[in-house]
Structure formats: structure tokens, C-alpha cells
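Student: Following this message is one structure expressed as C-alpha cells.
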Amino acid sequence: MTKSIMLVGVGGQGTILAAKLLTVALMDAGYDVKMSEIHGMSQRGGSVSSQVRYGKEVHSPVIEEGGADILVAFEKMEAMRWLNYLNPKGKVVVNNWEIKSMPIVTGKVDYPAGIIEELGAKVPTTSIDAAKLATELGNSKVMNVILLGATVKSMGLDTLDWERIIKENVKPALAELNIKALKLGMAQV
Amino acid sequence: MKKLLTGDEAVARGAWEAGVKYASAYPGTPSTEILENLALYKGDILAEWATNEKVAMEAVIGASMVGARTICSQKHVGLNVAADPMFTFAYTGPLGGMVIVTADEPGQHSSQNEQDNRNYARHAKIPMVEPSTAQESKDMVKVAMEISEEYNTPVLFRMTTRVCHSKGIVECGERTEVGVKPYVKDIKKNIPVPAMSRVQRVQVEARTEKLKVYSENTPLNFAEMNSDEIGVIASGVCFNYAKEVFGDSASYLKLGFTYPMPTGKIKEFCSKVKKVYVIEENDPWIEEQVRLLGFECFGKNLFPFNGEMTPDVIRKSVYGKPCDTIETDGSKVVDRPPTLCAGCPHRGFFYEIGKKKNVVIAGDIGCYALAFTEPYNATDWSNCMGSSTGTGHGAQQVFNMLEGDAKKRVVAVHGDSTFFHTAMNGLVNIAYNRSNTITVILDNRITGMTGHQENPVSGYTLQGLETPEIEIAGVVKAMGFKNVMQVDPNDLTAMKYAIDWALANEAEPSVIITRWPCVLKKFSAQDKAEFPEAFKSKSVIDQDKCIGCKSCIKTGCPALSYDAAAKKVSIIRDQCVGCGVCIQTCPPKIQAISKETK
Ligand SMILES: Cc1ncc(C[n+]2csc(CCOP(=O)(O)OP(=O)(O)O)c2C)c(N)n1
């Protein structure tokens with residue numbers, strides 16, 4: 001059976017790197033993998049998604065509505081935006097983190113309240129304070145790898161050879177930090 | 001060796017393996033990464049950013065005519081720009097193999113239209129291949145090169161966003177050096193004056209007949225028989241989408257070589273199945289062929305004529321509903337439109353021009369295309385790259401026929417890359433025909449929108465070599481413009497002064513060039529000397545002084561944030577790059593915002 005992981009967030013949050021590590025690890029483990037992303041506007045604070053599918057033989061590189069086994073939102077409101085892509089039997093990992101979009105910045109509308117509660121009422125939801133955890137690790141940028149850790153644990157992929165994958169794919173100086181971040185993320189689930 | 005590659009990376013790999021020596025392109029989503037990756041094969045391939053797609057195509061034609069294998073790539077609308085040389089090169093033909101990549105955008109993820117460039121194959125009478133996966137993207141470049149050389153024709157290589165930007169596992173090979181074929185002058189082949197091109201025209205028709213035979217025999221077009229009930233005909237990524245939905249319950253005719261079409265194979269396939277679905281994005285390109293051959297099928301009468309044919313779309317069309325989904329009412333989702341980045345040097349201009357009445361803004365394609373919306377509400381229209389000066393001039397000439405309030409001033413706005421692309425042609429037209437159009441060139445020293453490609457003002461080539469800046473002000477003056485002013489757009493007083501100065505001159509055209517680098521630009525030595533202070537400070541808001549008037553918010557900077565409860569604005573420190581624009585918008589009596597040097 002093909003499995004589908006949907007990573008969503010805001011341009012600049014590092015969804016692309018997280019998706020990359022995931023695909024490399026899955027290929028390494030012998031799966032057929034396809035990954036698709038739309039990043040044309042990513043540098044300008046738009047909504048972004050990276051979609052990873054793996055199995056024996058993967059056909060479509062994109063996840064269809066209702067097709068994701070897990071929805072990983074790097075930003076709260078993005079979880080709601082993409083929720084229709086989640087299989088009703090799937091689960092959500094959500095970063096308890098807000099990034100205001102322009103209508104909110106200008107004060108036209110408020111940031112929606114009660115997102116985590118609504119998610120939790122609909123599907124099994126794990127909320128993670130990845131920003132706080134990342135800061136505790138000493139680098140707010142590893143938020144993405146913490147979320148990746150939670151994702152792989154949720155999907156039962158925590159047994160893959162992550163230490164090697166990270167060492168081979170991130171700058172040597174940052175490898176240890178990223179391994180710690182991944183483990184910390186796994187421990188949240 | 002197996003690698004995880006996007007379709008774009010795979011095309012570059014395929015070109016390298018096929019012995020390509022020269023490549024040229026102008027950036028455009030989703031094709032940009034093809035040339036960026038070709039540039040990584042330094043020493044084997046010379047890859048260059050051209051100033052526009054026509055020039056890229058011509059450079060590649062030249063390289064091909066003297067014997068090298070070549071490739072050019074562009075987004076779908078880019079091929080409109082490059083169409084002229086392509087159509088005639090279809091007659092004269094290459095010496096070294098030549099592949100033309102068109103990256104189409106069903107669903108318009110980042111494009112102004114959804115044209116289906118498969119139509120160009122028939123129109124220009126050149127063969128076309130369509131890969132479905134990253135593996136095919138690599139493999140088909142090699143096949144296309146061989147077709148090109150054997151049949152004396154450029155080959156159209158049609159991709160779409162999902163083929164370009166999806167990653168898959170690719171079995172890679174090694175490079176085969178094919179060298180450069182010896183060039184011999186051949187005017188009968190290479191000069192299309194009527195006497196000769198009438199002959200070439202007939203040869204093209206004969207070539208198409210031969211390619212029809214090729215199409216029947218190539219393994220790029222193949223049938224996979226699983227069922228005699230349902231048969232699906234598809235090309236490109238639609239084949240993968242169809243397989244996702246129908247699996248082994250349908251038979252497939254997968255078309256990888258789609259012009260000329262394999263009519264024999266289509267007939268055979270259609271007569272073996274009861275129901276035929278033609279699944280394709282955009283135009284009914286395959287469907288019309290099926291119908292011409294006398295077969296009934298489900299095509300655009302069932303599937304949407306626009307957008308992507310992703311599995312959910314196919315499911316809705318065929319079964320009436322997608323997979324089960326979770327119900328949400330949408331109340332917890334606010335739009336997240338793309339914005340000008342914090343520190344974007346386009347901001348100062350739009351902030352100031354937004355205050356002017358009776359001004360019409362002819363826009364263009366670049367990051368500044370985002371300025372039609374809140375909070376600037378500036379731009380009146382846009383069309384294609386480089387169009388601001390042409391449309392602006394025409395509009396100004398008509399406004400000049402009117403009186404009173406109906407008479408308006410037109411401001412044509414475009415960027416540095418767009419200037420060299422085609423907007424400069426329109427400027428020559430303004431200078432020549434003497435309209436009083438105001439032109440504003442937002443020079444952020446780089447091609448920003450498509451992800452920061454080097455260009456004639458940036459100081460570097462794609463090869464990373466330093467190259468002298470071609471100064472826009474000098475070019476504009478050489479065109480005959482007398483009123484040319486260059487300003488720092490982050491200095492709002494100077495920006496306002498320049499706009500007023502141009503508006504005051506009602507008799508003559510004026511050109512304003514704003515000059516400040518994009519935050520994401522790799523600084524050249526010249527940039528470092530010219531902008532030593534750039535991005536070295538932060539702006540901070542004294543919360544005690546802020547009165548929550550939201551003047552600064554009108555700059556539309558995403559680093560600013562208004563707290564409705566506290567009635568105060570604050571700055572997200574990580575995002576601020578210290579352009580200082582917000583400081584100048586704070587009322588003089590308040591002065592809550594100040595510059596903090598790192
Ligand atoms: C014919 C054509 N080619 C390419 C593109 C893709 N494209 C859109 S904006 C842009 C770059 C604009 O650069 P510039 O004028 O320097 O403005 P900036 O984005 O830096 O503000 C490109 C290449 C297009 N839309 N149309």
C-alpha cells in the first residue's frame with residue numbers, strides 16, 4: 001500500500017528540507033518514493049506544501065483530497081487550510097505556532113482562535129511546541145527537524161537509519177544538533 | 001547509480017549524459033532549475049542565462065547549426081517569446097541535436113495563463129515527446145537528441161509543473177561524448193529565402209510522414225492491456241494519475257511521443273476496449289485525434305478543460321465523488337497571499353505612488369506584480385513580461401486625446417530583468433513616438449521572482465564569473481531620454497520627489513530608476529562598495545511611544561505586526577532587515593520607530 005505524508009507550512013519554515021530528508025531516508029530503506037512540491041511563491045510568505053508518497057510502486061506524485069495518512073503542519077492555520085487532504089482515518093501533527101498573514105498583520109481580521117481544539121475534535125492530533133523546543137536546543141531553525149522526528153515516529157519510520165541519513169545530508173557542523181532535534185521530535189509522540 | 005531527482009534535475013542529467021555541450025535559457029517557473037542544474041556540469045556543458053527566451057533559443061540554434069548538441073528550456077509563455085526562431089528553424093534544422101523544453105503550467109501555480117504548448121508541435125511541424133516521470137525526463141532527452149539528428153529537426157520536450165517539480169528515483173548513466181560535428185557551410189539548408197524555404201517546406205512535410213512511422217514503432221508509445229472494459233489514453237503525468245485511480249482495472253495506451261500521433265496504435269487500442277477515457281490536462285489534444293479516427297470517447301465532456309487532472313479530479317469526474325474527506329467550514333482559515341518580503345526595495349515606490357490621484361499604473365511581471373493588492377492597491381493592469389512600456393505608451397496616447405478628469409498620466413513599471421527581457425523595446429517606442437509616459441524601473445540588482453538568477457545588472461554570469469554591469473541609466477539615456485533620475489527607493493522623501501518631478505513634466509517622457517539590492521541577492525564587489533550599509537541594522541518600535549495609528553502598517557511589511565488588544569505595532573526581529581521605510585512613516589510628533597545598528 002502506498003503511504004502519503006503531507007507537510008504544509010509557510011514559505012521559509014524548512015518544509016522542503018524536512019521533505020528531502022524524508023525522501024532520502026525512504027529511498028535508502030528500499031521504498032519507491034515520489035515527492036512533489038509547489039514552491040513558486042515560497043519566498044514571499046505564501047502557503048507551501050510538500051507531499052511525500054512511498055510504497056512498493058508509487059504512481060501519482062501528488063496526494064489527492066482525502067488521501068494523506070498524516071498531515072504535518074509547521075504552522076497552525078495551515079493545518080486547517082489543508083485538512084481536506086487528510087484521510088478521515090489519518091492523523092495530524094501540528095506545530096503550536098502562529099505566523100500572521102497579511103490580512104491579520106494589517107488588523108483586518110484576527111488570527112483564528114481554537115484551531116488545535118477543533119483539529120483534536122476531528123482527528124487524532126499531536127500538538128508540539130516545536131519553537132520552544134528548538135530554542136531550548138539552542139537554534140530556532142531546527143523546528144523543522146523536530147517536526148520531522150514527530151512525523152517519522154507517527155508513521156513508524158523511526159527505525160530507519162536516521163543518524164547516517166542526517167550526517168550524509170546536512171552540514172557536518174549542524175549534524176549533531178539535527179540528530180538531537182530529530183530524537184526530541186520522536187519523543188513528543 | 002540511483003538518485004532522487006526532480007524532473008528538471010533529470011532533464012539536466014539526461015542532457016549531460018547525451019553529450020550536450022551548450023545550453024541557454026531565460027528563467028521561468030517551473031523550468032528554471034533545468035538550466036541551474038545544467039550549469040553544475042562545468043567543463044562539459046556551457047550553460048548561460050540569456051536575456052530572454054528568444055535570444056536563448058537563437059543562441060542554442062547557432063550552437064546546434066555549428067554541430068553541438070544543445071538544449072534550451074522555458075516556461076510555457078516563454079515559448080511565445082521564442083516562437084519566431086523556432087518556427088523557421090523547423091525548416092532549416094540542426095546539425096547537432098537540439099531539444100526545446102517547454103514547461104507548461106496546468107493549474108497556473110505561478111503563471112498568468114494556462115496555454116497548452118502541445119499545440120506548438122503541430123503548428124511548427126516539429127516532433128514532440130512528453131515524459132511522465134523523472135526517470136523518463138532523463139531518458140527521453142537522449143531519445144529526443146537522436147530523433148533531432150536523424151530527422152533533421154528540433155524536438156519539442158513538453159513537461160508540466162508536476163513533472164518538473166516532482167522527485168522520483170532515477171537510474172543514472174554516464175556521459176557519452178559525442179563531440180562537435182564538423183561545420184560545413186550549406187546555404188541550401190540554412191538560408192530560408194523564399195526560393196529555398198519553399199523547398200524546405202516540402203521537405204518538412206516528407207519528414208512528418210517519416211515521423212509518423214517512427215511514432216507507430218517507438219516504445220515511447222505503448223499499450224498495457226489489463227481489461228477490455230475500460231481503456232485509458234494518457235500522456236505526461238496524467239498517465240500516473242490515471243494509474244493511481246484505475247490501477248489494474250483498466251488498460252492503458254501511454255503516449256510518450258505525441259506528435260505526430262501514432263494513429264495505428266490508437267485505432268488498435270480503441271477497438272480492443274469498450275469504453276475509452278482520454279485523460280489530459282488543458283486542451284483536448286489527444287481526444288481530437290481519437291475522434292478524428294472515428295472513435296467515441298470520454299474526454300472534455302467528462303473531465304474539466306482547465307486545471308490539473310490529479311487523482312481526486314479524475315475520481316470526481318468518473319465516479320461523481322472524491323475519497324472521503326474531513327468536513328471543515330473554512331472559518332478558521334485566513335488567506336495567506338504572497339507579499340513583498342521585509343526589506344523589499346520595491347516597497348518605497350509603491351507606498352509613495354499609492355498616494356497619487358489620477359495616475360494609471362501599467363504593471364509587468366516580477367515581484368512587483370504583487371502590488372495590485374492590499375495595502376498598495378497600485379497596479380491597474382499587467383499582461384506579459386516587458387509589456388508595461390508598450391501598454392503604458394498606448395494608453396497614454398489615448399489619455400492625451402481626452403480632457404479634464406478623464407485625462408490621466410500613465411506610469412509604466414517593471415524590473416531590471418524585465419527591462420532587458422523586452423521592456424526596453426517598449427521604451428525605445430516611447431522615445432521614438434514621444435509620449436509623455438513615465439517609466440519606473442525597479443532595479444533590485446537581480447531576477448527576483450523566479451528565485452534570484454543572475455542577469456546583466458547583477459555582476460555575475462550563471463558560470464559564477466564576474467561580468468561588468470550593463471547600466472540601465474546609460475542604456476536609457478542612449479535611447480534619447482533626457483529626463484532620467486536614479487533614486488534610493490528606501491528614502492521616501494527622494495522617492496516622492498522623483499515621482500512629483502516626473503508628473504510635473506507634462507510634455508516629455510521621464511524615466512525613474514530605483515536602485516537598491518534585493519535582500520536575498522549575493523552581493524558582488526560592486527554591491528559591497530555601493531551599498532555598504534545595506535541590511536546591517538534593525539528597526540525597533542518603542543512600545544511606550546507607539547500610539548497604534550498603523551501608519552507604518554500601510555507599508556505592507558510582513559515584519560510588522562499589529563496587536564489589536566494592546567493597540568500597538570511591533571516588529572518581528574528575525575524578519576526585519578533594517579530598510580528603514582517604516583521609520584519614515586511614523587508621524588513626526590511620535591517617532592516611535594528607530595534604527596538600531598547591529
Ligand atoms: C515570457 C516569460 N518569461 C519568464 C517569466 C517568468 N518570470 C516572471 S517574473 C520574472 C523575473 C522578473 O525579474 P525582474 O524584472 O528583475 O523583477 P523582480 O522579480 O526582481 O522584482 C520571470 C523571469 C514569465 N512570466 N514570462
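Student: Would you work out the relative contact order for the range A:79-178, in percent, from Cα pairs under 8 angstrom that are 6 or more residues apart? Could the numbers behind the result be given before it?
Tutor: Values: 72 pairs, mean separation 25.3, N = 100.
It comes to 25 percent, rounded to a whole number.
Student: Using only alpha carbon pairs under 8 Å that are at least six residues apart, calculate the relative contact order of chain B and give it in whole percent.
Tutor: Details: 1281 pairs, mean separation 63.2, N = 598.
Relative contact order for chain B comes out at 11 percent.
Student: Taking a virtual spin label 7 Å from the Cα of residue B:374 along the C-beta vector, which residues in the range A:1-40 bring their backbone nitrogen under 20 Å of it?
Tutor: Correct set: A:10-11.
Student: Can you report the principal axis dimensions of the range A:3-133 using only the alpha carbons, biggest first, rounded to whole angstrom?
Tutor: 48, 33, 29
Student: I need the trypsin sites (Lys or Arg not before Pro) found in the range B:189-278, filtered to DSSP loop residues with at most 10 other beta carbons within 10 Å of theirs. Could the numbers behind the result be given before it?
Tutor: On the way: sites: B:189, B:198, B:201, B:207, B:210, B:212, B:243, B:254, B:265, B:267, B:272, B:274, B:275; in loops: B:274.
Qualifying residues, ordered by number: B:274.
Student: With the crude spin-label approximation of a point 7 Å out along Cα→Cβ, what separation in nm comes out for residue A:189 versus residue B:181?
Tutor: So the two model labels end up 5.5 nm from each other.
Student: Can you pull out the GluC sites (Glu not before Pro) in the range B:387-492 that DSSP calls coil and that have at most 11 other Cβ atoms within 10 Å?
Tutor: Values: sites: B:403, B:454, B:466, B:469, B:471; in loops: B:403, B:454, B:469, B:471.
Here the sparse-neighbourhood loop sites are B:403.
Student: Sticking with this structure for a sec: Expected output is a single nm value to one decimal: the length gained when fully extending between residue B:360 and residue B:268, i.e. 0.36 nm times separation in residues minus the C-alpha distance. What is it? List each step's numbers first, then the result.
Tutor: Values: separation 92, 0.36 × 92 = 33.12 nm, distance 5.86 nm.
In short, 27.3 nm is gained.
Student: What value in Å³ per residue do you get for the convex hull of the alpha-carbon atoms in the range B:138-251?
Tutor: Values: hull volume 18.9 nm³, N = 114.
Output value, Cα hull per residue: 166 Å³.
Student: Using a Förster distance of 35 angstrom, determine the FRET efficiency expected from the C-beta separation of residue B:526 and residue B:573, and round it to 0.05.
Tutor: On the way: r = 30 Å, r/R0 = 0.85.
FRET efficiency, residue B:526 to residue B:573: 0.75.
Student: So, one more: For the range A:68-189, build the convex hull from the C-alpha positions and give me its volume per residue in Å³. Can you show the working numbers first?
Tutor: Working: hull volume 14.3 nm³, N = 122.
Here the figure is 117 Å³ per residue.
Student: For n ≥ 4 DSSP H runs only, could you compute -39500 (n - 2.57) per run for chain B, divide by its residues and tell me the 222 nm figure to the nearest 500? Could you put the intermediate results ahead of the total?
Tutor: Numbers: 20 runs with 204 residues, N = 598.
Result for chain B, helices only: -10000 deg cm²/dmol.
Student: Using the alpha carbons of chain B, what is the convex hull volume per residue in cubic angstrom, as a whole number?
Tutor: Values: hull volume 119.3 nm³, N = 598.
Roughly 199 Å³ of hull volume per residue.
Student: If you put +1 on each Lys and Arg Cβ and -1 on each Asp and Glu Cβ, how big is the dipole of chain B around its Cα centre, in Debye rounded to 20?
Tutor: It comes to approximately 740 debye.
Student: What residue among B:35, B:19, B:7 has its Cα farthest toward the positive end of the dipole of the range B:1-48, where the charges are +1 on Lys, Arg and -1 on Asp, Glu, each on the Cβ?
Tutor: B:19
Student: Tell me, Kirkwood radius of the range A:22-83 from alpha-carbon pair distances, in Å? Mind dumping the intermediate values first?
Tutor: Details: mean 1/r = 0.0775 Å⁻¹.
Answer for the range A:22-83: a Kirkwood hydrodynamic radius of 12.9 Å.
Student: What's the center-to-center distance, using Cα atoms, between the range B:233-266 and the range A:148-189 in Å?
Tutor: 40
Student: Testing the spin-label approximation: label points 7 Å from Cα along Cα→Cβ at residue B:397 and residue B:547. State their distance in nm.
Tutor: Distance between label points: 5.0 nm.
Student: If a paramagnetic tag sat 7 Å from the Cα of residue B:228 along the Cα-Cβ line, which residues of the range B:237-276 would have the backbone N under 13 Å from that point?
Tutor: Flagged as within label range: B:271-275.
Student: Before anything else, pin down the relative contact order of the range B:347-530: Cα pairs under 8 Å, at least 6 apart, normalised by residue count, whole percent.
Tutor: Numbers: 351 pairs, mean separation 39.5, N = 184.
Dividing the mean separation by the residue count of the range B:347-530 yields 21 percent.
Student: Further, regarding this structure: 7 Å from Cα along Cα→Cβ at both residue A:174 and residue B:248: what's the point-to-point distance in nm?
Tutor: 4.5
Student: Could I ask something else about it? Want the number for residue B:535 to residue B:434: 0.36 nm per residue separation, take away the alpha-carbon distance, what's left?
Tutor: Values: separation 101, 0.36 × 101 = 36.36 nm, distance 3.96 nm.
Working it through step by step, the gained length comes to 32.4 nm.
Student: Sort B:401, A:80, B:57 so that the residue with the fewest other Cβ atoms within 10 Å of its own Cβ comes first and the one with the most comes last. Intermediate values should be presented prior to the final figure.
Tutor: On the way: B:401 8, A:80 22, B:57 28.
Sorted ascending by nearby Cβ count, the order is B:401, A:80, B:57.
Student: What does the extension gain come out to for residue B:123 and residue B:507, with contour length at 0.36 nm per residue minus their alpha carbon separation? Could the numbers behind the result be given before it?
Tutor: Details: separation 384, 0.36 × 384 = 138.24 nm, distance 4.51 nm.
Full extension of this stretch gives 133.7 nm more.
Student: For a quick check of your reading of the filter: which GluC sites (Glu not before Pro) in the range B:500-593 sit in a DSSP loop and have no more than 11 other Cβ atoms within 10 Å?
Tutor: Details: sites: B:506, B:530, B:533; in loops: B:506, B:533.
In loop regions of the range B:500-593 (DSSP not H, G, I, E or B), the sparsely surrounded GluC sites (Glu not before Pro) are B:506, B:533.
Student: Report the antiparallel proportion of the DSSP beta bridges in the protein assembly as shown as a percent, rounded to a multiple of 5.
Tutor: Working: 40 of 107 bridges.
The answer is about 35 percent antiparallel.
Student: If you average 1/r across every pair of different Cα atoms in the range B:2-217 and take the reciprocal, what Kirkwood value do you get, in Å?
Tutor: Values: mean 1/r = 0.0591 Å⁻¹.
Taking every pair of different Cα atoms in the range B:2-217, averaging 1/r and inverting gives 16.9 Å.
Student: Right, something else. If you look at just the Cα atoms of the range B:66-129, how large are its Rg and its Dmax in Å?
Tutor: 12.4, 39
Student: Give me the dipole magnitude in Debye, nearest 20, for the protein assembly as shown about the Cα centre, with unit charges on the beta carbon: positive for Lys and Arg, negative for Asp and Glu.
Tutor: Details: 88 positive and 90 negative charges, 169 e Å.
It works out to roughly 800 debye.
Student: May I ask for the percentage of alpha-carbon pairs in the range B:531-598 that lie more than 16 Å from each other? Please list the in-between numbers first.
Tutor: On the way: 904 of 2278 pairs.
Here the long-distance tail beyond 16 Å is 40 percent of all Cα pairs in the range B:531-598.
Student: Okay, next question. Restricting the count to DSSP beta bridges whose residues both fall in chain B, what percent are antiparallel, rounded to a multiple of 5? Show your work: numbers first, answer last.
Tutor: Details: 22 of 76 bridges.
Taking every DSSP beta bridge within chain B, about 30 percent pair in antiparallel fashion.
Student: Stokes-Einstein D for the range B:468-598 at 20 °C, 1.002 mPa s, Kirkwood Rh over Cα pairs, in µm²/s?
Tutor: Values: Rh = 17.0 Å.
Once the numbers are plugged in, D ends up at 126 µm²/s.
Student: Related question: When all alpha-carbon pairs of the range B:221-319 are counted, what percent fall beyond 22 Å?
Tutor: Working: 823 of 4851 pairs.
Of the Cα pairs, 17 percent sit more than 22 Å apart.
Student: Continuing with this model, one more query. State whether the protein assembly as shown is rounded, prolate or oblate according to the following rule on the C-alpha gyration tensor (a ≥ b ≥ c being the square roots of its eigenvalues): a/c under 1.5 gives rounded; otherwise a/b larger than b/c gives prolate, and the remaining case gives oblate. Spell out each step's value before the answer.
Tutor: Values: a/c = 1.73, a/b = 1.13, b/c = 1.52.
Cα axes put the protein assembly as shown in the oblate bin.
Student: Also, I was wondering about something else. Rounded to two decimals, what is the ratio between the C-alpha radius of gyration of the range B:327-447 and 2.2 N^0.38 Å?
Tutor: Taking the Cα Rg and dividing by 2.2 N^0.38 Å, one obtains 1.19.
Where a number appears in this text, it was derived from the coordinates with a stated rule and is not lab data. Note that the coordinates shown come from a computational prediction; the quantities given were computed from them, not determined experimentally. When we count neighbours, we look across all protein chains shown, and the Cβ atoms used for this are built from the backbone with ideal geometry, even at glycine.
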